[in-house]
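The values are calculated or read from the model by the stated rules, or taken from the named source; none is laboratory data. All values derive from a computational prediction rather than experimental measurement. Here the Cβ positions follow ideal geometry from the backbone for every residue, glycine too, while neighbour counts run over all protein chains shown. The protein model used for the area step is the full one, side chains on, heavy atoms only, and it has no ligands, DNA or RNA in it. Shrake-Rupley method; radii C 1.70, N 1.55, O 1.52, S 1.80 Å.
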Amino acid sequence: MPAGESFYITTPIFYVNDVPHIGHAYTEVASDVLARWHRQRGDDTWLLTGTDEHGQKILRTATSHDVTPKEWADKLVEESWIPLLETVNIRNDDFIRTTDARHETGVQLFLQKLYDDGLIYQGEFEGFYCVGCEEYKQASDLVDGTGPFEGQQVCAIHSKPVELLKESNYFFRMSDFEQPLLDLYESQPDFIQPESVRNEIVQFVKQGLRDLSISRASFDWGIKVPWDDKHVVYVWFDALLNYVTAVGYGVDDENFDRRWPATHIVGKDIARFHAVIWPAMLMAAGLPVPKHVFGHGWLLVGGEKMSKSKLTGIAPQQITETFGVDAFRYYFMRAITFGQDGNFSWEDISARYQAELANGFGNLASRIIAMITRYFDGTVPVIGDLTEADLAIRETELRVTADADAAIDRFAINEAVSTVWELVDALNGYITEQEPWVLAKNEATRDRLATVLGTALRGLGTLTVLLSPFIPDAAHKLWESIGQGELTSQNIDRAAEWSAAPAVVPLPSTLFPRIEQPEVATA
Ligand SMILES: [Zn+2]
């Protein structure tokens, strides 16, 4: 077991009915970068992702395809959701499906406990239900329909009419937790991040919480309520519990205590479920609340939120096939402020690929390795007396390591990348100024040449360690040429202490090859 503290991080579990687009991949990559960073810092890290497979919408889609809902879910998990993780190189430790037996057991245990403790009661419910959202809507969540739905009230998110439903349901006494939640937000100001999402949620809870209907009797694709099998558990209540059932809630206390509480990375549109309903559920069960709920922004394409239905959905493969997986990961982590909306464009990724990855970083790596190979037959040059310029590189290595590490703790992923990039720029500037190719012409400056290339190589190794969570494939390839041992066992918070191989080996190929203008660039 790693000596560091527990870092349990989760992505939302994705609704199998959707097809993965770059918005899903974005959440996965951000969570994966955080997990990789913590893992490489020695924290006891666990990255959970998975799929949400119950609910009326899935039942309807499956029925329309003449298959059972489980068959439909199996197909989507196998053909879309697991492949997504491979497409963007996610190193998750677990993948949970809400149809897993371990999950169903945990949900029933949890529900029974709340029922026994008097926190669940039976009542009558009537409301406007959006099948797309899988939730009842309040009047303020509805807007006037347009086009075919003119004259009707429609869901603001789906632009489709809602259904008026009346049913006998079980209710969770969420209203009991209004004050405890407000106290939580007050005493743990970083519980919800960023600030914009936090403010919205605090305002929402201050307006008052109603008890939450948590069962449905109108369809049966879900987990049965343990004391009344005519009811299945409401899909959100079911889904949220994945975060505890995956780490052994109710069945493996040792593992549960080791992992829980988690840090949840979610899109801001579902932050409310995670920062209101979920902690209320946990408090009701006497469990610790999550460490953090971070609601990231939306990816916009042409200024619009991406979605399959609005035809702005871009499959991650469209990007990775052109630019590669590392560039995908790098681009979204660098170009978009984590926590704010960000616009995707082919022009932007193309420009950054060329300027930052190919010219800035890739070229730097090949030049340093090529010069050491050429002037020293690959043997790592011995560093002699240091000038101010050499010391400045060393200081930059230490500073960016500390700053990037601190940025990761603040979920400022884009800031961590841009901080690390200061070292790329510093090394490029250093080589331009020191002109090792000039020093190489004169035997009298041989020692100075060794110090310059030795210093550049040290900086490059530090860079490789720091970039490995973001661009794991390129970092690994580069490490094979210059480093010793496993790249991922180099402590990232002490990146500058990396151990060099006795001799560098030429790179097998360019890290970020030149790309012909992609045809998809018209999108
Ligand atoms: Zn809706």
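Under a point-charge model restricted to the Cβ atoms of Lys and Arg (+1) and Asp and Glu (-1), what is the dipole moment magnitude of region 221-323 relative to its Cα centre, in debye to the nearest 20?
Working: 10 positive and 10 negative charges, 84 e Å.
Computed about the Cα centre, the dipole is about 400 debye.
In whole percent, how big is the carbon plus sulfur part of the accessible area of region 430-487, probe 1.4 Å, protein atoms only? Don't skip to the end; give the middle numbers.
Details: 970 of 2120 Å².
Ligands and nucleic acids excluded, carbon and sulfur give 46 percent.
Taking the Cβ-Cβ separation of R494 and D447 as r and a Förster radius of 30 Å, what is the calculated FRET efficiency to the nearest 0.05?
Numbers: r = 28 Å, r/R0 = 0.95.
According to the calculation, E is roughly 0.60.
For region 310-375, which trypsin sites (Lys or Arg not before Pro) are in a loop by DSSP, counting at most 12 other Cβ atoms within 10 Å?
On the way: sites: K310, R329, R334, R352, R367, R374; in loops: K310.
Of the trypsin sites (Lys or Arg not before Pro), the ones in loops of region 310-375 whose Cβ has at most 12 other Cβ atoms within 10 Å are K310.
Dipole of region 408-448, Cα-centred, from +1 at each Lys and Arg C-beta and -1 at each Asp and Glu C-beta, to the nearest 20 debye?
Working: 4 positive and 8 negative charges, 31 e Å.
So the magnitude is around 140 debye.
Within region 114-176, report the GluC sites (Glu not before Pro) that DSSP leaves as loop and that have at most 10 other Cβ atoms within 10 Å. If you can, show how the numbers build up before the last one.
On the way: sites: E124, E126, E134, E135, E150, E163, E167; in loops: E134, E150.
Here the sparse-neighbourhood loop sites are E150.
In Å, what is the Rg of the alpha-carbon atoms in the chain, and how long is Dmax?
Looking at the chain, its Cα Rg and Dmax stand at 26.2, 91 Å.
Can you pull the one-decimal nm distance between simple spin-label points at R91 and Q317, each 7 Å off the Cα toward Cβ?
About 2.5 nm, to one decimal.
Report the extension gain between Q138 and D253 in nm, rounded to one decimal, defined as 0.36 nm multiplied by the number of residues separating them, less their alpha carbon distance.
Values: separation 115, 0.36 × 115 = 41.40 nm, distance 3.86 nm.
This chain segment gains 37.5 nm when fully extended.
In degrees from 0 to 90, rounded to the nearest 10, what is the angle of the helix 472-482 Cα long axis to the longest principal axis of the chain?
Taking Cα atoms only, the helix is inclined about 20 degrees.
Cα axis of helix 446-467 to longest principal axis of the chain: angle in degrees, 0 to 90, nearest 10?
That works out to roughly 10 degrees.
Rounded to the nearest 5, what % of the DSSP beta bridges within the chain are antiparallel ones? Intermediate values should be presented prior to the final figure.
Values: 27 of 51 bridges.
Rounded to the nearest five, the antiparallel share is 55 percent.
Using a 10 Å cut-off on Cβ atoms, rank the peptides 240-249, 485-494, 394-403, 140-149 from the highest mean neighbour count down.
Details: 240-249: 24.3, 485-494: 16.0, 394-403: 18.1, 140-149: 11.9.
In descending order of packing, they fall as 240-249, 394-403, 485-494, 140-149.
For G267, enumerate residues with amide H under 5 Å from its amide H, sequence gap 5+ or separate chain, H modeled in the peptide plane.
H296
With all protein chains present, how much of the accessible area of region 356-402 (probe radius 1.4 Å) comes from carbon and sulfur, to the nearest whole percent? Please list the in-between numbers first.
Values: 1250 of 2330 Å².
That share works out to 54 percent.
If the cut-off is a Cα-Cα distance under 25 Å, which lysines reach K113, setting aside same-chain residues fewer than 8 apart in sequence?
K224, K230, K291
With a cut-off of 8 Å between alpha carbons and a minimum separation of six or more residues, what is the relative contact order of region 41-168 in percent? Kindly include the intermediate steps, with their values, before the conclusion.
Details: 135 pairs, mean separation 27.8, N = 128.
Averaging sequence separation for qualifying contacts and normalising by length gives 22 percent for region 41-168.
Where does each of K224, K441, K137 land when they are ordered by accessible area, with a 1.4 Å probe and the largest first?
On the way: K224 85, K441 165, K137 20 Å².
Result of the area sort, largest leading: K441, K224, K137.
Roughly how big is region 111-214's charge dipole about its Cα centre, with Cβ charges of +1 (Lys, Arg) and -1 (Asp, Glu), in debye to the nearest 20? Provide the component values of the computation, followed by the final result.
Working: 8 positive and 19 negative charges, 23 e Å.
About 120 debye.
For a Förster distance of 35 Å, can you work out the FRET efficiency between the beta-carbons of D44 and Q112, rounded to the nearest 0.05? Working shown, then result.
Details: r = 30 Å, r/R0 = 0.87.
Plugging the Cβ-Cβ distance into 1/(1 + (r/R0)^6) gives 0.70.
Got a sec? Charge dipole of the chain, +1 on Cβ for Lys and Arg, -1 for Asp and Glu; which of A358, G55, Y121 is way out at the positive end?
My answer, from the dipole projection, is A358.
Please report the relative contact order for region 101-202, taking Cα pairs under 8 Å with a sequence separation of at least 6, and give it as a percent rounded to a whole number. Don't skip to the answer; put the middle values down first.
Values: 103 pairs, mean separation 25.2, N = 102.
Here the relative contact order equals 25 percent.
Share of antiparallel DSSP beta bridges in region 234-372, in percent to the nearest 5? Don't jump to the answer; show the numbers that get you there.
Numbers: 2 of 10 bridges.
Once the DSSP bridges in region 234-372 are tallied, antiparallel ones form about 20 percent.
With a 1.4 Å probe and all protein chains left in place, how much accessible area per residue does the chain have, in Å²?
Details: 22000 Å² over 523 residues.
In whole numbers, the chain has 42 Å² accessible per residue.
Given 0.36 nm per residue, what is the gain on full extension from D228 to S175 after removing their alpha carbon distance, in nm?
Working: separation 53, 0.36 × 53 = 19.08 nm, distance 2.33 nm.
Extending this stretch completely gives an extra 16.7 nm.
First compute the accessible area of region 138-242 with a 1.4 Å probe, then give the percent of it belonging to carbon and sulfur atoms.
48
Would you mind checking the pairs K57/K160; K137/K160; K70/K160; K137/K166 and listing those with alpha carbons more than 18 angstrom apart?
Working: K57/K160 14 Å; K137/K160 12 Å; K70/K160 26 Å; K137/K166 13 Å.
Beyond 18 Å between Cα atoms: K70/K160.
What distance in nm separates the two pseudo spin-label positions at S64 and E126, each 7 Å out from Cα along the beta-carbon direction?
3.0
By how many nm would the segment from D473 to D269 lengthen if fully extended, with 0.36 nm per residue of separation less the alpha-carbon distance? Intermediate values should be presented prior to the final figure.
Numbers: separation 204, 0.36 × 204 = 73.44 nm, distance 3.20 nm.
Here the answer is 70.2 nm.
Tell me the mean residue ellipticity at 222 nm calculated for the chain from its helices only (DSSP H runs of n ≥ 4, each -39500 (n - 2.57), averaged over every residue, nearest 500).
Result for the chain: -13000 deg cm²/dmol, rounded to the nearest 500.
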